[in-house]
Amino acid sequence: MTDPNGTIFFPPQASTVAADVDWLYYLIYYVCLAVFIGVVFGGGYFVWKYRNRPGAAEAVPISHNTTLEVAWSVIPLFILIVFFAYGYKGYLNLFVSPKDAIEIHVIGKKWSWSFEYANGKTVPSELRVPVHKPIKLIMNSQDVLHSFFVPAFRLKQDVIPNRYTVITFEATRTGTQTIFCTEYCGTQHSDMLAKVIVMEPAEYKAWFDKSDGPEPGVPMADQGKKLFSAYACVTCHSAAPGGATIAPALYHKFGTQEKLSDGQQVLVDENYIRESILKPTAKVVAGYQPVMPPFEGVLKDWQISALIEYIKSLK
Ligand code: CUA
């Protein structure tokens, strides 16, 4: 029941609440299984035992039986109180954060996750946390309903626009786990994935203290390429030749003329790309829907420059 390597039903347990969640799940499962077997086999047995046979006595209807009625009310009541008590304990562990919890903001948007740390560090698609430390996630959506789900942590919470939701966990082993979105949020919902990387505290601290500016010595276009996949731009925009997608393909796009939905033409230059990243609905390309979320306030200036350099390099 508390197999740390996972079972056929569950991935490995990687947080402090995982064992409790699994234990409660199995408790409910086995109690329901016992009730199910009792009802089905008991019912079947009585059908067989009291079947109509020649010469059988007529059944006498019973209107009530106090002992039986009290028993079938009180016994389930106690079983449900046990379920509730364990469930409530688990609920408190997930939703009441210890005072010393490390706070990390989680932003969901179609169709990626990004994570903001206390020192201003903002990282797309990768949540890094130290092992054996309580973490409090403060979550918000920039567009529609999403849901933050880490199966290995038994952690799931809706992420809602215009409202913060909070969830707490403590990872019990280092390594990488997958974050899913479990609220249908549009065409690329199933690609709305991210990673949570659990690190040794010292390793985490070194990473946390490192600046998140551009990496010295790495060409801007290469850094742009990383951002392009980290911010999941690639889910909608093809960067390779061909590749029709739900947004304009970007191969060989720089320097060309683009036809807009209002009939105007625009030159694809640095200004146009910058505006299209920050305010995608300002100029919509003919034949496409205005579905891209704005990246204003999400990307830093050097990141926008890196993305522009990357798009320029696609030829
Ligand atoms: Cu976000 Cu599904």
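Taking E200 as the residue in question, decide whether it is surrounded by fewer than 18 Cβ atoms within 10 Å (Cβ to Cβ) and among the acidic types (D, E).
Yes; evaluated as a whole, the condition is true for this residue.
Taking the condition within 16 Å of the ligand (Cβ to nearest atom) and touching a residue at least 60 places away in the same chain (Cβ under 8 Å), does A230 pass? Even if it seems obvious, please write down each step before you answer.
Working: within 16 Å of the ligand (Cβ to nearest atom): no; touching a residue at least 60 places away in the same chain (Cβ under 8 Å): yes.
The answer is no for A230.
Of everything in region 102-127 that's under 20 Å from I179 (Cα atoms) and of a type in the set (G, A, S), which residue is surrounded by the fewest Cβ atoms within 10 Å (Cβ to Cβ)?
For region 102-127, the residue satisfying everything is S125.
Every residue in region 167-193 that is assigned to a loop (DSSP other than H, G, I, E, B) and either near the ligand (Cβ under 9 Å from one of its atoms) or within 25 Å of H132 (Cα to Cα) (or both), please.
Hits for region 167-193 are T172, R173, T174, T182, E183, Y184, C185, G186, Q188, M192, L193.
Pairs please, first residue from region 256-271 and on the phi > 0 side of the Ramachandran plot, second anywhere and not β-branched (V, I, T), Cβ atoms under 9 Å, 6+ apart in sequence or on different chains.
Taking only residues 6 or more apart or on different chains, the pairs are G263/A286.
Inside region 99-166, counting only strands (runs of 3 or more DSSP E) that do not spill past its ends, which hold 2 or more residues that are in contact (Cβ under 8 Å) with a residue 24 or more places away in the chain and within 16 Å of the ligand (Cβ to nearest atom)?
Because the criterion is at least 2 residues that are in contact (Cβ under 8 Å) with a residue 24 or more places away in the chain and within 16 Å of the ligand (Cβ to nearest atom), the strands (runs of 3 or more DSSP E) in region 99-166 that meet it are 102-109, 112-116, 134-141, 146-150, 155-159.
Output the number of residues of region 195-215 satisfying the condition of being within 16 Å of the ligand (Cβ to nearest atom) and either out of contact with any strand residue (DSSP E or B) (no Cβ under 8 Å at 6 or more places or on another chain) or under 14 Å from S141 (Cβ atoms) (or both).
0
Bear in mind that the values in this text are calculations on the coordinates, not laboratory data. All values derive from a computational prediction rather than experimental measurement. Cβ sites come from the backbone with ideal geometry, for glycine too, and all protein chains shown count toward neighbours.
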